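The values are calculated or read from the model by the stated rules, or taken from the named source; none is laboratory data. Fair warning: this is a prediction, and the values are worked out from it, not measured in the lab. Glycine gets a Cβ as well: all are built from the backbone with ideal geometry, and neighbour counts include every protein chain shown. In case anyone asks, the SASA skips ligands and DNA or RNA and just uses the protein heavy atoms, side chains included. Shrake-Rupley method; radii C 1.70, N 1.55, O 1.52, S 1.80 Å.
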Amino acid sequence: MRQNTPSVRLSDFILANLEPIMQAWEDFARTIEPPALTMDDTELRDHATLMLRAIALDLTMPQSGLERHEKSQGRAPDAKEDTAAETHAEARLLSGYSVEQLVSEYRALRSSVLYLWTSRTTVDLATGMDDVTRFNEGIDQALAESVARYAKMVKQSENMFLAILGHDLRNPLGTVITGATYIMRATDVPSKYVLAATRIFNSGQRMGKLIADLIDFTRTHLGAAIPIKPKRMNLAEVCLNVVDELRTSHPERIIDFDPGIREDIHGDDARLAQVLSNMIGNALQYGTPDEPVKVKLSSTAQHVGIAVNNLGPVIPAKKIGSVFDPLVRFAVPDDAADARDTSLGIGMYIARQIVIAHAGTMKVESNEKDGTTFTLSLPRRLPPRLRAGEQ
Amino acid sequence: MMDLPRLAPRDGAALPSRRVLLVDDNDDARDLMSIVLELHGHRVAMADNGLAGLEKARAFMPDVVFLDLGMPVMDGFETAAALRRIPGLEQVWIIALSGWNDQATLARTRHAGFDYHLTKPANFDIIDNFLYGDWAQLPR
């Protein structure tokens, strides 16, 4: 530190030296791959200048201890409009920056400001420490905003990608099913070929359901609820239809059905059929093949319940928390991967989202003695907020 | 609301033979569907884009048009609106046949003048039921 230069507060220094700071930062940014920046110099500087001005302004404001703590945790109050840090993250994502590269820019910004400040001015020890702390908090806040926006956009684009993939798959699948239908209905074809066509048709139908689940998944895992169209419906009847359908497509399996209730409830029959189809399909997939899958309806004064039980391998305790969340399940690599992980398992996620949309709950229990049981509970009457669209 | 309705066939009447126009740029899907429909006794004409579909419609005068939405030259939305303006086809049944069934697409098809919306892969039981059904039961 040179003693012959005057002492300058950090906020004043930043505002007076934006040009050399920006130049140092831009020089750094240009060393980051990919070298072909889609942002031009002006745009690049605009975001950085706005961020630095905001931080410099913030440095001049008094700040309570609580505010400081919150900000250091990256939880400053959200502004309605996009901050410069958020806009910057979007531009960086479009330029093909990785999240590491985005973070390294902030590291460079932090070090170039602090280096220039300490090398060109005398820093007053009493106020300097406070300035640096608050400057770091400001940079961290901007960094947190940038990373959050970057992650959100990546997630959105992945969702969009999956949704388009799902819709694209429906075209060729439609052709497969039409072709199978044609052979199934032909009268001049030996029955063994009709049987093969029937299997192609059934597999096609299953694929269609997987695609529908995938599309629902992309729509809901960013927070949107599954839309339901509630009306008076008979749950036992809907269950019986689904059970019959699955008995037909799995003739080698036993599905026990105990319709414990007769009264109507309020719900979306097509969506609840989807729930049941996913639950029983899951039980058929993971249950021991020669043991029955048991479907049981029950009721209390306020609620109706459906339990679907299978006697398959017990779900390990560490995995039971993630049976409803396919993304969490795949986030943890498992070297002892079992058959459970060979399918996406979106079905149970969708089932639970539909139950939640009906103001219901869904849980799972798994042990050696009773096997695995998925249980859902639905209110007999939907809460008023869900009855708005009732037909 | 845009789902194809379940219809009963007319009592005692022979199963009707309908004039069906298929417009889809996916050759496999369109050709196979026409084979199945002809197997069921309907008369079928085909086109691989909306503009060609309008041309066909003028000559063929279909009872029903199955329209894909995303097509080159002229998409399904524009085609549906243009079909309605052809003299004699004001009342033709126009059914969207698409992989998309999200709320935004459904709103667009309704607005473009489609009567119904079928999501691919379409169930032939539903299509048969509609084509063989008694259209007098349908609201216009």
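Tally up the residues in the stretch B:1-36 that are more than 13 Å from the chain's Cα centre (by Cα), at pLDDT 90 or above and within 14 Å of chain A (Cβ to nearest Cβ), please. So the count comes out to 9.
You will find that of A:ILE354, A:ILE306, the residue that is assigned to a helix (DSSP H, G or I), modelled with pLDDT of 90 or more and among the β-branched types (Val, Ile, Thr) is A:ILE354 and no other.
Looking at (1) part of a helix (DSSP H, G or I); (2) modelled with pLDDT under 85, which one does A:ILE21 not meet, given that it meets all the others? Here A:ILE21 meets the rest and fails (2).
Out of curiosity, is A:SER299 of a type in the set (Gly, Ala, Ser) and open to solvent by 30 Å² or more (accessible area, probe 1.4 Å)? Against the criterion (of a type in the set (Gly, Ala, Ser) and open to solvent by 30 Å² or more (accessible area, probe 1.4 Å)), A:SER299 qualifies. Would you be able to say whether some residue in the stretch A:238-250 is within 14 Å of chain B (Cβ to nearest Cβ) and within 30 Å of the chain's Cα centre (by Cα)? Taking every residue of the stretch A:238-250 in turn, none turns out to be within 14 Å of chain B (Cβ to nearest Cβ) and within 30 Å of the chain's Cα centre (by Cα).
Has the stretch B:76-85 got any residue that is open to solvent by 50 Å² or more (accessible area, probe 1.4 Å) and within 30 Å of A:THR218 (Cβ to Cβ)? Looking through the stretch B:76-85, at least one residue is open to solvent by 50 Å² or more (accessible area, probe 1.4 Å) and within 30 Å of A:THR218 (Cβ to Cβ). Reported count of residues in the stretch B:69-128, each being over 16 Å from B:GLY53 (Cβ atoms) and within 14 Å of another protein chain (Cβ to nearest Cβ), is 21.
Here the stretch A:309-323 is the region considered, the condition is being assigned to a loop (DSSP other than H, G, I, E, B) and not hydrophobic (A, V, I, L, M, F, W, C), and the residue that is most open to solvent (accessible area, probe 1.4 Å) is A:PRO313. Here the helices (runs of 4 or more DSSP H) wholly within the stretch B:1-120 that include at least 3 residues being of a type in the set (A, V, I, L, M) and over 21 Å from A:GLY166 (Cβ atoms) are B:27-39, B:50-60, B:76-84.
Residues are listed down the side, and each one gets a yes or a no for (1) modelled with pLDDT of 95 or more; (2) closer than 30 Å to A:LEU210 by Cα:
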position	(1), (2)
B:GLY41	no, no
B:VAL44	yes, no
B:VAL64	yes, no
B:LEU67	yes, yes
B:VAL73	no, no
B:ARG84	no, no
B:ILE95	yes, yes
B:TRP100	no, yes
B:THR109	no, yes
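When you look at B:ILE95, is it hydrophobic (A, V, I, L, M, F, W, C) and either farther than 29 Å from A:PRO227 by Cα or surrounded by 18 or more Cβ atoms within 10 Å (Cβ to Cβ) (or both), yes or no? So B:ILE95 fits the description; yes. Between residues in the stretch A:160-181 that are more than 7 Å from chain B (Cβ to nearest Cβ) and touching a residue at least 24 places away in the same chain (Cβ under 8 Å) and residues that are open to solvent by 70 Å² or more (accessible area, probe 1.4 Å) and assigned to a helix (DSSP H, G or I), which pairs lie under 8 Å by C-beta distance while being six or more apart or on different chains? From residues that are more than 7 Å from chain B (Cβ to nearest Cβ) and touching a residue at least 24 places away in the same chain (Cβ under 8 Å), the pairs are A:ALA163/A:ARG219; A:LEU169/A:MET207; A:VAL176/A:ILE200; A:ALA180/A:ILE200.
None of A:ALA163, A:ALA151 is within 27 Å of A:GLU100 (Cα to Cα) and modelled with pLDDT under 95 except A:ALA151. Scanning the stretch B:37-68 for residues that are within 12 Å of another protein chain (Cβ to nearest Cβ), open to solvent by 40 Å² or more (accessible area, probe 1.4 Å) and in contact with a strand residue (DSSP E or B) (Cβ under 8 Å, 6 or more places away or on another chain) yields a single hit, B:GLU38. If the condition is being buried (at least 20 other Cβ atoms within 10 Å of the Cβ) and more than 22 Å from A:GLN205 (Cβ to Cβ), then the stretch A:147-175 contributes A:ARG149, A:TYR150.
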